[in-house]
Amino acid sequence: MKIGFIGLGVMGRPMAGHLIATGHNVFLHRVKEVSQDLVTAGGIALDSAAAVAAASEVVVLMLPDTPDVEEVLFGDHGVASCLQDGALVIDMSSISPVATREFAARITAQGADWVDAPVSGGEAGAKNAALTIMAGGTEAAFARAKPILEVMGKRITHIGSAGDGQVAKVCNQVIVGLTIEAVAEGLFLAARAGADPARVREALTGGFADSAILKVHGERMIDEAFAPGFRIALHRKDLGLAIDAARALDVALPNTAMVHQLMGAAIGRGDGDLDHSALIRNLQVLASGE
Ligand code: NAD
């Protein structure tokens, strides 16, 4: 199949690599250069999103934020300007559910199919083709997308109509963000109380406090291994989407709002491009003033 892939960052690069390795013809576009390993593996680098769309039956997006997706779809030399008849657009970025419904309506008005399919599982999930994928779109569009998603992910769930995949992803980010803060506070307290946080983490693994966050992010906190991974700046974007939804629905998400603020403080201190496990550094600053 001819598949376009736009957004070749931490996540998109290994995901596109799996599509190439499966034998698809993959057309690639990113802002700067396409990484040489993807081209060596057989990927074809093109100059614009429009050129990628013109060459592809299916166009996959893995971009940072809502304005990036809007620009790549509908900007100058965007995907929509050259979409093939009956094409399928799969947006795997984590973006606004509200904007997604509008993008889906515009794309389907051109006779194409739309699936929003944001992911969870991080860089490791992308590298190991083990992502959890939450999809929104019609049954028919999801049926078309599923074999492609299966190349990149393990648990693939069709949640509902266009935008519902993004709603599920926002919920995921609330749970992950608040759990990171909880793990950070627990391990920070352990260290300040004089107990070895690595031993505390080990002891809690397997009890009710266990989680993938305790295992993976807890280890990163202990090792101070904060190269991303998932950048704090991107996670704040996702909690902002949750807060927007809460405002629109007149519901309170008080702890989401607090972690959103703590992420803002981390970004203000220059930590925005660190992995979200670096949220523990807020606690160090609060405790020591440094
Ligand atoms: P990233 O910043 O590493 O990569 C984004 C890529 O998009 C970059 O290569 C950038 O050059 C490219 N890009 C931006 N604007 C573009 C444009 N106009 N045209 C073409 N390319 C453009 O981000 P990432 O970590 O790979 O995340 C991508 C998406 O996946 C985000 O929405 C993020 O929230 C989500 N996500 C990330 C993780 C993670 O652990 N990193 C996990 C789950 C979901």
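The values are calculated or read from the model by the stated rules, or taken from the named source; none is laboratory data. Computed from a predicted model, the values in this text were never measured in an experiment. Glycine also receives a Cβ, built like all others from the backbone with ideal geometry; neighbour counts cover every protein chain displayed. With ligands, DNA and RNA removed, areas are computed over all heavy atoms of the protein, side chains included. Shrake-Rupley method; radii C 1.70, N 1.55, O 1.52, S 1.80 Å.
Details
To keep it simple, each residue is scored yes or no on (1) modelled with pLDDT of 95 or more; (2) surrounded by 16 or more Cβ atoms within 10 Å (Cβ to Cβ); (3) more than 15 Å from the chain's Cα centre (by Cα); (4) not assigned by TED's automatic domain parsing to the domain that holds M62.
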position: W114; (1), (2), (3), (4): yes, yes, yes, no
position: A117; (1), (2), (3), (4): yes, yes, no, no
position: T138; (1), (2), (3), (4): yes, yes, yes, no
position: R144; (1), (2), (3), (4): yes, yes, yes, no
position: P147; (1), (2), (3), (4): yes, no, yes, no
position: G153; (1), (2), (3), (4): yes, yes, no, no
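- Between D65, D76, D37, D47, the distinction of being open to solvent by 10 Å² or more (accessible area, probe 1.4 Å), touching a residue at least 60 places away in the same chain (Cβ under 8 Å), farther than 23 Å from A140 by Cα and not aromatic (F, W, Y) belongs to D65 only.
- Failed item in (1) within 14 Å of the ligand (Cβ to nearest atom); (2) of a type outside the set (S, T, N, Q); (3) farther than 23 Å from S161 by Cβ, with L73 passing the rest: (3)
- Test: residue in the stretch 122-137 that is of a type outside the set (A, V, I, L, M, F, W, C) and more than 13 Å from the ligand (Cβ to nearest atom): yes
- If the condition is being over 19 Å from the mean Cα position of the chain (by Cα) and either in a helix (DSSP H, G or I) or surrounded by 19 or more Cβ atoms within 10 Å (Cβ to Cβ) (or both), then the stretch 221-236 contributes M221, I222, D223.
- Each residue in the stretch 237-252 was checked for being over 12 Å from the mean Cα position of the chain (by Cα) and not in a loop (DSSP other than H, G, I, E, B), and 11 pass.
- Total residues in the stretch 155-171, condition part of a helix (DSSP H, G or I), of a type outside the set (K, R) and buried (at least 17 other Cβ atoms within 10 Å of the Cβ): 6
- Any hit, the stretch 88-101, residues being open to solvent by 50 Å² or more (accessible area, probe 1.4 Å) and either assigned to a helix (DSSP H, G or I) or within 9 Å of the ligand (Cβ to nearest atom) (or both): yes
- With respect to the conditions (1) closer than 25 Å to A129 by Cβ; (2) in contact with a Leu (Cβ under 9 Å, 6 or more places away or on another chain); (3) in a helix (DSSP H, G or I); (4) more than 10 Å from the ligand (Cβ to nearest atom), D37 falls short on a single one, namely (2).
- Restricting attention to the stretch 102-112 and to residues that are more than 16 Å from the ligand (Cβ to nearest atom) and open to solvent by less than 10 Å² (accessible area, probe 1.4 Å), the residue that is nearest to K237 (Cα to Cα) turns out to be A104.
- Count of the stretch 1-30 residues, restricted to those that are part of a loop (DSSP other than H, G, I, E, B), open to solvent by 30 Å² or more (accessible area, probe 1.4 Å), at pLDDT 95 or above and not hydroxyl-bearing (S, T, Y), is 4.
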